[in-house]
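Below is one structure, written out as C-alpha cells; comments come after it.
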Amino acid sequence: MKLTVYTKDGAEAGRQVELDDAIFGLEPNDHAIWLDVRAIQAHKRQGTHKTKERSEVSKSRRKLYRQKGTGNSRAGDAKSPLRKGGGTIFGPRPHEYKMRINQKTKQLARRSAIKYKLDGDAFRIVETMTLDAPKTREVAGMLKGNGIAGKALVLTNGIDDVFFRSARNLPGVTVCPADQASTLDLMNAKTILLQEGAVEALTEALRPVGKATVDGADTDLPVPMDQAPTTANPEAPDAPVTEAETPATEAPEATDTPDAPEGDETA
C-alpha cells in the first residue's frame, strides 16, 4: 500500500510512502475495537460514587408514632428508605471499573481503527514540521492548507513539546506520539495526520509479535528443552554430547605376575 506525502501547504511532495499490508491492509475487527474502547473508557472512571444507606443516615432511631390507632400506615424510624431523607436502597458503592485486555487485542483494535480511516480517506501523511519556537499560526496554516476541519489527530515521531504547545490552543486538534495513540484517540478523530518521520514508529508499534516454531509448526509456547537438538558439533567442543555418542574408555591390559618361590611360603 502506497500513500502520497503532502506538504504543509497541501501540495503533493512528489514522493510516496510504502505501508506494510500486513499491518495497514487487514480486515477490520469491530469486536476488538469495542473491547479496547470500552476498557479505555472504564479506566477513566474514578469509581468514587457513594450514597448513604439506612445505617449511615443521621436521624433518630425512635419509632415515629404508635403502631395502631392513628389511622396512618405503620412506620418505624425516620431512617426508613420510604421516607424523605432516609437511606438509599442498594445505592452505589465505590469500586473499580478496570478491564484487562490482551496486548494482541489492543494492537488489532488500533490496526482496525486505522484501516477504517484509510478506507474513508481520512488518513493523510504530511511532511514533518520542525518548529524552533511554539507558533500556533504555523500549525493552523498546515491544517488549513490540507483542508482539515473538525477533530484532527496529529501523530508525531516521539514527544515533540514545541509542536504540542503550538497546537494546544486549536479547538479539536490533538497531538500525540504515533506509538502511544490509543484506539479511542483514533476513533474520535475525524482526520488523522501522520508525520512522515513517524511512519516507522507507528509501524513497529502495531507490528504483531512473531511466533516460535517447533518442528515446522507455529506455536505461541517456548520450545521445551527436551526437544532441543543435542547432536555433537565437531567444530564446537563445548556442544552437548548425548550418552550414546560418549566414547567408551578402554580397560588396561592384564599383565602376568611371577609366581612366588616355594621356600618363601609362610606357615
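The values are calculated or read from the model by the stated rules, or taken from the named source; none is laboratory data. The structure displayed is predicted, hence computed values, not measured ones. Cβ coordinates were reconstructed from backbone atoms using ideal geometry, including for glycine residues, and neighbour counts include every protein chain displayed. Each accessible area value is taken on the protein alone, full model and side chains, heavy atoms only, with ligands, DNA and RNA left out. Shrake-Rupley method; radii C 1.70, N 1.55, O 1.52, S 1.80 Å.
Considering only residues that are in a loop (DSSP other than H, G, I, E, B) and either touching a strand residue (DSSP E or B) at 6+ places or on another chain (Cβ under 7 Å) or not basic (Lys, Arg) (or both), which ones fall in the range 115-145?
Residues of the range 115-145 in a loop (DSSP other than H, G, I, E, B): 120-122, 127-135.
Answer for the range 115-145, where residues must be in a loop (DSSP other than H, G, I, E, B) and either touching a strand residue (DSSP E or B) at 6+ places or on another chain (Cβ under 7 Å) or not basic (Lys, Arg) (or both): 120, 121, 122, 127, 128, 129, 130, 131, 132, 133, 134.
Anything in the range 185-202 that is within 12 Å of residue 110 (Cα to Cα) and open to solvent by less than 20 Å² (accessible area, probe 1.4 Å)? List them, or say none.
The answer is 186, 202.
Considering every residue within the range 41-59, establish whether at least one is under 20 Å from residue 182 (Cβ atoms), part of a helix (DSSP H, G or I) and not polar (S, T, N, Q).
Yes: one or more hits.
I'd like the residue in the range 56-71 that is open to solvent by less than 100 Å² (accessible area, probe 1.4 Å) and either in contact with a helix residue (DSSP H, G or I) (Cβ under 7 Å, 6 or more places away or on another chain) or of a type in the set (S, T, N, Q) (or both) and, out of all such residues, is nearest to residue 1 (Cα to Cα).
For the range 56-71, the residue satisfying everything is 60.
Is there a residue in the range 81-91 that is without any contact (Cβ under 8 Å) to a residue 60 or more places away in the chain and in contact with a His (Cβ under 9 Å, 6 or more places away or on another chain)? I'd like the intermediate steps shown before the answer.
Taking the range 81-91 first, the residues without any contact (Cβ under 8 Å) to a residue 60 or more places away in the chain are 81-91.
After this cut, where a residue has to be in contact with a His (Cβ under 9 Å, 6 or more places away or on another chain) as well, the list is 91.
Checking the range 81-91: at least one residue is without any contact (Cβ under 8 Å) to a residue 60 or more places away in the chain and in contact with a His (Cβ under 9 Å, 6 or more places away or on another chain).
Among the residues of the range 1-40, count how many are outside any loop (DSSP other than H, G, I, E, B) and either in contact (Cβ under 8 Å) with a residue 24 or more places away in the chain or of a type outside the set (Asp, Glu) (or both). Show your work before the answer.
So in the range 1-40, the residues outside any loop (DSSP other than H, G, I, E, B) come out as 2-6, 12-18, 21-24, 30-40.
With the extra rule that they be either in contact (Cβ under 8 Å) with a residue 24 or more places away in the chain or of a type outside the set (Asp, Glu) (or both), the set shrinks to 2-6, 13-17, 22-24, 30-40.
Within the range 1-40, residues that are outside any loop (DSSP other than H, G, I, E, B) and either in contact (Cβ under 8 Å) with a residue 24 or more places away in the chain or of a type outside the set (Asp, Glu) (or both) number 24.
Go through the range 152-201 and count every residue that is in contact with a Cys (Cβ under 9 Å, 6 or more places away or on another chain) and either of a type in the set (Val, Ile, Thr) or assigned to a strand (DSSP E or B) (or both).
The number of residues fulfilling the criteria is 4.
Filter the range 159-179 for residues that are open to solvent by 30 Å² or more (accessible area, probe 1.4 Å), farther than 15 Å from residue 123 by Cα and in contact with a helix residue (DSSP H, G or I) (Cβ under 8 Å, 6 or more places away or on another chain) and give the result.
Answer for the range 159-179, where residues must be open to solvent by 30 Å² or more (accessible area, probe 1.4 Å), farther than 15 Å from residue 123 by Cα and in contact with a helix residue (DSSP H, G or I) (Cβ under 8 Å, 6 or more places away or on another chain): 169, 170, 179.
Every residue in the range 10-46 that is surrounded by 12 or more Cβ atoms within 10 Å (Cβ to Cβ) and over 25 Å from the mean Cα position of the chain (by Cα), please.
Matches in the range 10-46: 10, 13, 16, 17.
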